[in-house]
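Student: Here's a structure for you.
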Amino acid sequence: MMVRGREVVTMPEARSPKIEFADVSLVYHDGSQTNEVLHAMNFSVAPGEFVSIIGASGCGKSTTLSILAGLQEPSSGHYYIDGRESHGTGRNRGVVFQHYALFPWMTAKANVAFGARQAQPDLASREAGQRACEYLSRVGLAGAENRYPYQMSGGMQQRTAIARLLAMSPEILLLDEPFGAVDAKNRMQLQDLLQELLLQEQRRKTIVLVTHDIDEAILLSDRVFFMDKQKIAEEFTVPFARPRRREQIVLTEAYRQLSQSILSCFFRTIGEQIGGEEVVI
């Protein structure tokens with residue numbers, strides 16, 4: 001708290017990061033060849049914040065998510081969750097991949113129930129099944145509980161994967177191009193569904209999304225990180241309040257300027273790669 005004239009001003013309480021990368025690097029060695037995938041990467045994500053990571057192919061986006069998920073360990077540096085250095089996987093994190101990752105021999109209900117029981121091993125089978133039906137209904141798949149993945153469209157399979165993640169109820173959601181393998185219509189529907197589901201959650205989740213889609217990043221995120229040269233090169237704050245309507249925000253000058261600023265990062269990267277010339281858009 002501080003006093004300004006006669007006015008008493010209460011300062012906002014500082015929040016410790018939910019996620020923090022501190023000088024994280026990852027290097028692959030293949031004989032005499034060395035490939036640096038991440039270079040001294042630093043960033044933090046606040047509790048309940050939605051952050052998107054965007055950048056050209058090969059810049060290290062998915063590798064960053066893989067480290068966060070505990071599927072890879074950095075060559076140097078450290079990453080922290082809730083202030084504690086993290087190693088390996090944990091039930092506080094859940095992942096949705098681009099290619100669904102459903103068990104083909106399980107029904108939609110069984111896939112979601114399996115995820116719920118992995119997150120809570122003491123959960124009774126009947127309760128896990130009830131939770132699976134609840135979340136399948138929430139993603140618009142009521143009546144499809146007994147379908148196998150081969151009996152579902154790509155959009156339905158990704159809805160099942162999202163239902164499984166939400167049924168697991170992790171504190172951190174890691175989304176690696178989750179809508180990249182579906183058509184444009186399903187992509188927009190899934191984006192809107194994700195927004196709606198997250199607003200319904202009693203406790204807001206911390207989310208990191210990897211995407212190539214600028215519009216998707218702006219629609220869903222609180223901040224957008226642009227990756228270049230294997231680390232975070234630019235950071236953008238998204239100024240729109242929630243809930244967001246795509247058809248409303250895309251018409252604003254703020255949206256146009258933000259979209260163009262992010263796009264210019266891609267063109268600047270391309271210009272450097274083809275000879276250092278600046279590309280004007």
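Student: For a quick protection proxy, order the peptides 124-133, 57-66 by their average other-Cβ count within 10 Å, most packed first.
Tutor: In descending order of packing, they fall as 57-66, 124-133.
Student: How about the range 101-196: which chymotrypsin sites (Phe, Trp or Tyr not before Pro) there lie in a loop by DSSP and see at most 14 other Cβ atoms within 10 Å?
Tutor: Taking the range 101-196 and a limit of 14 other Cβ atoms within 10 Å, the loop chymotrypsin sites (Phe, Trp or Tyr not before Pro) found are Trp105.
Student: Can I ask one more? What number comes out for the charge environment of Ala22, summing +1 per Lys or Arg and -1 per Asp or Glu over other residues with Cβ under 15 Å away?
Tutor: -2
Student: Output ³J(HN,Hα) for the range 165-178: one whole-Hz value per residue in order, computed from phi by the Karplus curve 6.51 cos²θ - 1.76 cosθ + 1.60 with θ = phi - 60°, and x for Gly and Pro.
Tutor: Using θ = phi - 60°, the values come out as 5, 5, 5, 6, 6, x, 6, 10, 9, 10, 10, 9, 6, x Hz.
Student: If you don't mind, there's one more thing I want to ask. Tell me the carbon and sulfur percent of the accessible area for the chain, rounded to whole percent, probe radius 1.4 Å.
Tutor: C and S atoms contribute 49 percent here.
Student: Evaluate 2.2 N^0.38 Å with N set to the residue count of the range 71-202, then give the Cα radius of gyration divided by it.
Tutor: 1.09
Student: Give the peptides 162-174, 79-91, 41-53, 218-230 in descending order of average Cβ contacts within 10 Å, highest first. All intermediate terms of the calculation are to be shown ahead of the outcome.
Tutor: On the way: 162-174: 22.8, 79-91: 13.5, 41-53: 19.8, 218-230: 21.3.
Listed from highest to lowest mean packing, they are 162-174, 218-230, 41-53, 79-91.
Student: Then there's this: How big is the Kirkwood radius of the range 26-122, worked out from every pair of different alpha carbons and given in Å to one decimal?
Tutor: Mean inverse Cα-Cα distance, inverted, gives 16.0 Å.
Student: OK, next. Among Ala22, Asn111, Ile249, whose Cα projects farthest towards the positive end of the dipole of the chain, with charges put on the beta-carbon of Lys, Arg (+1) and Asp, Glu (-1)?
Tutor: My answer, from the dipole projection, is Asn111.
Student: In debye, nearest 20, what is the charge dipole magnitude of the chain about its Cα centre with +1 on Lys and Arg Cβ and -1 on Asp and Glu Cβ, if you could check? Walk me through the numbers before you get to the answer.
Tutor: Numbers: 30 positive and 33 negative charges, 221 e Å.
Using Cβ point charges on Lys, Arg, Asp and Glu, the chain gives about 1060 debye.
Student: Match the structure shown to one of the listed values (1) 20.4, 69; (2) 18.0, 52; (3) 20.0, 63 of Rg and Dmax of the Cα atoms in Å, computed from it, and give that label.
Tutor: So the calculated entry is the one marked (1).
Student: Tell me the label-point distance for the pair Phe103, Ser125, using the 7 Å Cα-to-Cβ offset, in nm and rounded to one decimal.
Tutor: 1.2
Student: Quick one: which of 254-263, 16-25 comes out on top by average Cβ neighbours within 10 Å, and what's the full order, highest first?
Tutor: Packing proxy ranking, top to bottom: 16-25, 254-263.
Student: Under the rule of -39500 (n - 2.57) per DSSP H run of 4 or more residues, summed and divided by the residues of the chain, what mean residue ellipticity at 222 nm is obtained, to the nearest 500 deg cm²/dmol? All intermediate terms of the calculation are to be shown ahead of the outcome.
Tutor: On the way: 8 runs with 99 residues, N = 281.
Counting only the DSSP helices, I get -11000 deg cm²/dmol.
Student: While we're on this one: Could you state the angle between the C-alpha long axis of helix 125-138 and the longest principal axis of the C-alpha atoms of the chain, as a value from 0 to 90 degrees rounded to the nearest 10?
Tutor: Around 60 degrees separate the two axes.
Student: Around Gly60, what is the net charge, scoring Lys/Arg as +1 and Asp/Glu as -1 over all other residues with Cβ under 10 Å from its Cβ?
Tutor: Residues near Gly60 contribute +1 overall.
Student: List the pairs from Lys205/Lys231; Lys18/Lys205; Lys61/Lys231 whose alpha-carbon separation is above 18 Å, in the order I gave them.
Tutor: On the way: Lys205/Lys231 24 Å; Lys18/Lys205 10 Å; Lys61/Lys231 9 Å.
Violating the 18 Å limit, Cα to Cα: Lys205/Lys231.
Student: Would you please give the residues with an amide H less than 5 Å from that of Ile207, counting only those at least 5 places away or on a separate chain, with H modeled from the backbone geometry?
Tutor: For Ile207, the qualifying residues are Glu49, Phe50, Val51, Leu173.
Student: Residues with beta-carbon under 13 Å from that of Ala116, excluding Ala116: net charge, scoring Lys, Arg +1 and Asp, Glu -1?
Tutor: Its environment carries a net charge of +3.
Student: Where only protein heavy atoms count, and the probe is 1.4 Å, what is the accessible area per residue for the range 111-221 in Å²?
Tutor: 42
The values are calculated or read from the model by the stated rules, or taken from the named source; none is laboratory data. Model, not experiment: these values are computed from the prediction. Here Cβ is always computed from backbone atoms with ideal geometry, including for glycine, and neighbour counts include all displayed protein chains. When the accessible area is computed, the model is the full protein with side chains, heavy atoms only, and any ligands, DNA or RNA have been set aside. Shrake-Rupley method; radii C 1.70, N 1.55, O 1.52, S 1.80 Å.
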